[in-house]
Amino acid sequence: MIDLNGRNRVVISNISPIVEEGRYPAKSSEGEYVIISADVFSDGHDEIDASVLIQYPGTSEWREYFMEPSFNDRWSYRLKTEKVGNYRCIIQGWVDHYETWRKGLKKKYDAGQDLKVELLIGADLLAQASAKASSHHKKLLNSWVRTLKKTANVEDAVELALLDDVYQIVRQYKDKKLITISSELKIETERKRAAYSTWYELFPRSAATTEGAHGTFNDVKRLLPRVAKMGFDVLYFPPIHPIGEKNRKGKNNSLTAVEGDPGSPWAIGNRTGGHKDIHPELGTLDDFRGLIQEAKNQNMEIAMDIAYQCAPDHPYVKEHPQWFKWRPDGSVQYAENPPKKYEDILPINFETEDWENLWQELKSVIDYWIDKGITVFRIDNPHTKAFPFWEWMIREVRRIHPEIIFLAEAFTRPRLMERLGKVGFNQSYTYFTWRNTKTEIEEYMNELTRSPMRYYFRPNFWPNTPDILPPALSSGGENAHIMRLILAATLSSSYGIYGPVYEFGINTPHPGKEEYTHNEKYELKNWDWNKYTRIKEIIVRVNRIRQQNSALQTTWNIVFAETTSDQILCYVKNDPDTNNRIAVVVNLDVRHLQGAHVRLPLRELEIEPGQGYKLRDLLSGSTYVWHEEWNYVQLDPYEMPAHIFTIEPII
């Protein structure tokens, strides 16, 4: 017995977007467009038609939308995902006998051939459609059948047959037995902040106004208006839990802590509690809940750090010793990345035979803080924990709370970072921190936006972190901080900074390392939050520009422009829905004035050849009028290392 419908001649292949053969959904966010596409073809020379069936979130109904052909048998449909939830999509294709007949009829008519039999064939095709049609369309189709069969005027019959209105009705009533159906593809649409967000990181314990005092949540609450006015919508804290006392690290990661050293917040847990508790000096749970609510009142969300690791005196170590690795000498295995040692941190053993209870407990940590009002989690080093755990945990959490956002703090090998995106992380840290040259930036952005990664790996660009002070910042000073900020904020729709040290331009590295000396991870700081810096001024301007220009609120629309210098980078972003056109030109040389001719991709900006267009620099307020593709740009990094232009065609 042949287990096929041998009458179905159409082939559907190379479906997009599809992640790992459909195991995982493709990612989208509210208001984004997703191009659903496939190769749809058949044997011979018959015309083909294709459509996509879509089931929208929260409904059981399937809606059909006809796809458009492009080239080499590629068909596509542009779906705007406007509702949070899961979209289910099925592509279908069939031989379009009516269109095949219609095109043949036109050629025979133009050649002056006898069309009597051809018109009867067309009448039969219309009759077949009528048999499946709604009552309204049935009347129209039957009248057209009579016209093709009985008209004495061939010209009138041909004119009727070639009408697009007739074709659009006929194509709705294909023979379902002859339709080829694809496998199902899934699109998970998340809330907009999953795709467009602006992060500021600070240590709550450094928020106090008094020198040497330990900051509290109430101190942070006082800073909320400042952070909001700077244009940030996510305020991220390192872990807020009790800090281990055993093997506590001292300043600059020294092995010996002295009295008063607060330790690293990532060494979680001591005799007072663990992952579901708050460091007593930060305040109470009620204080924290009040801070969360006040942040929401100012259109910000608090992002909480979740680090699944324990200090040696974390309650888990005594209560669940089976969740850790024990060495032959009876001690617990601490974290290592040879030759580095982290004696204050114990990794969790995901190979424990008690893994099911472990998983449930770790998930309960997320559930606990969701219940307290947290909606955004930054996960520390997720690539060092089991992928099956993340897949299960994120799926179960988002099944009940689809609004939850998980950011993966993973600076690791590409396949690991990609896997984290596939199993459910909404955003990820990236290699942007170390992409500095024009070629490096262009190649990396094209990889993120033009490869299949676009549908499962959503980047969040960070120029710095408490762990990472890259050479570009430590050697480039204020100019580099401004330039890298502008790049991060305009290349990616989500970006963040480890805030105080960035806006104050602190850039002294620890000898021999890409990290800050006198690191805030190991000591309290007392910041002058009222201090003016040029870097802060530019941060405020850039964030305001992002808020006011929808073209900068997506990563996927970037197109790079040609320039005549390796020191000048140029790219454009366009939002056709709002006619918002942006061009960014950046001098990558932080010490010298650089100039170059720039060729804007006018086609992507929907500007006709020879049409004039007006540019307004949103950073400086200067305006220019250009008429050609190629124009000259010059940037002095000591004045401003970049232009962020809005572009308006002159009509």
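The values are calculated or read from the model by the stated rules, or taken from the named source; none is laboratory data. All figures in this text were calculated on a predicted structure; none of them were measured in a lab. Note: ideal-geometry Cβ built from the backbone for every residue, glycine included; neighbour counts use all protein chains shown. The accessibility values were calculated without ligands, DNA or RNA, using every heavy atom of the protein model including side chains. Shrake-Rupley method; radii C 1.70, N 1.55, O 1.52, S 1.80 Å.
Restricted to Cα atoms, segment 241-313 shows a radius of gyration and a Dmax of 14.1, 42 angstrom. Per-residue accessible area (protein heavy atoms, 1.4 Å probe) orders 320, 45, 136, 643 as 45, 136, 320, 643, starting from the largest.
For segment 438-506, the share of accessible area belonging to carbon and sulfur comes to 51 percent (1.4 Å probe, ligands and nucleic acids excluded).
Reported value for segment 373-531: 146 Å³ per residue, from the convex hull of its C-alpha atoms.
Legend: translational diffusion of segment 322-385 by Stokes-Einstein, Rh = Kirkwood radius over C-alpha pairs, 10 °C, 1.306 mPa s; D = 115 µm²/s.
When only alpha carbons of segment 449-595 are considered, Rg and Dmax amount to 16.7, 50 Å. Taking the convex hull of the alpha carbon positions in segment 187-242 and averaging its projected area over all directions gives 5.3 nm².
Over segment 129-203, the Kirkwood radius and the radius of gyration, each from Cα atoms, give a ratio Rg/Rh of 1.43. Which net charge results when you count Lys and Arg as +1 and Asp and Glu as -1 among the other residues whose beta-carbon is under 10 Å from that of residue 248? Summing Lys/Arg as +1 and Asp/Glu as -1 gives -3.
What percentage of the solvent-accessible surface of segment 251-348, computed with a 1.4 Å probe over protein heavy atoms, is contributed by carbon and sulfur atoms? Spell out each step's value before the answer.
Values: 2430 of 4840 Å².
That fraction is 50 percent.
Straightening the chain between residue 353 and residue 21 buys 116.4 nm, computed as 0.36 nm per residue apart minus the Cα-Cα spacing.
Once you divide the Cα radius of gyration of segment 380-452 by 2.2 N^0.38 Å, the number left is 1.23.
For the chain, the 222 nm mean residue ellipticity estimated from helices alone, with every DSSP H stretch of n ≥ 4 adding -39500 (n - 2.57) and the total spread over all residues, rounds to -9000 deg cm²/dmol.
Based on C-alpha pairs under 8 angstrom that are at least 6 apart in sequence, segment 281-424 has a relative contact order of 24 percent. Just so you know, the Rg over Rh for the chain is 1.07, from Cα atoms, with Rh as the Kirkwood radius.
Hey, what's segment 548-623 come to in accessible area per residue, 1.4 Å probe, Å²?
Values: 3180 Å² over 76 residues.
On a per-residue basis, segment 548-623 sits at 42 Å².
Between the Cα long axis of helix 414-423 and the first principal axis of the chain there is an angle of about 70°, rounded to the nearest 10.
Computed from backbone phi with θ = phi - 60° and the Karplus coefficients 6.51, -1.76 and 1.60, the 3J(HN,Hα) list for segment 569-586 is 9, 9, 8, 10, 9, 9, 10, x, 5, 10, 6, 8, 10, 10, 10, 10, 10, 10 Hz; x is used for glycine and proline.
The phi torsions of segment 95-105, fed into the Karplus equation with coefficients 6.51, -1.76 and 1.60 and a -60° offset, translate into couplings of 6, 8, 5, 5, 5, 4, 5, 4, 5, x, 4 Hz, rounded to whole numbers, with Gly and Pro shown as x. Here's the list of lysines a cross-link from residue 108 could span, going by alpha-carbon distance under 17 Å and ignoring same-chain residues fewer than 8 apart: 116. Binning the alpha carbon pair distances of segment 63-143 at 5 angstrom intervals from zero yields the distribution 3, 10, 14, 16, 15, 15, 13, 6, 4, 2, 1, 0, expressed in whole percent.
Compactness check for segment 440-514: Cα Rg over 2.2 N^0.38 Å is 1.20.
Solvent-accessible surface of segment 312-462, averaged per residue with a 1.4 angstrom probe and all protein chains in place: 43 square angstrom. Straight Cα distances below 23 angstrom link residue 83 to the lysines 27, 186, 192, 296, 422, with same-chain residues fewer than 8 positions distant left out.
On full extension, the segment bounded by residue 387 and residue 258 gains 42.6 nm, given 0.36 nm per residue less the C-alpha separation. Each of residue 163 and residue 211 was given a label point 7 Å from its Cα along the Cα-to-Cβ line. The distance between the two points is 8.8 nm.
Mind checking Rg over Rh on segment 42-189, alpha carbons, Kirkwood formula for Rh?
Details: Rg = 17.9 Å, Rh = 17.1 Å.
That ratio equals 1.05.
Dividing the alpha-carbon radius of gyration of segment 1-106 by the rule-of-thumb value 2.2 N^0.38 Å gives 1.21.
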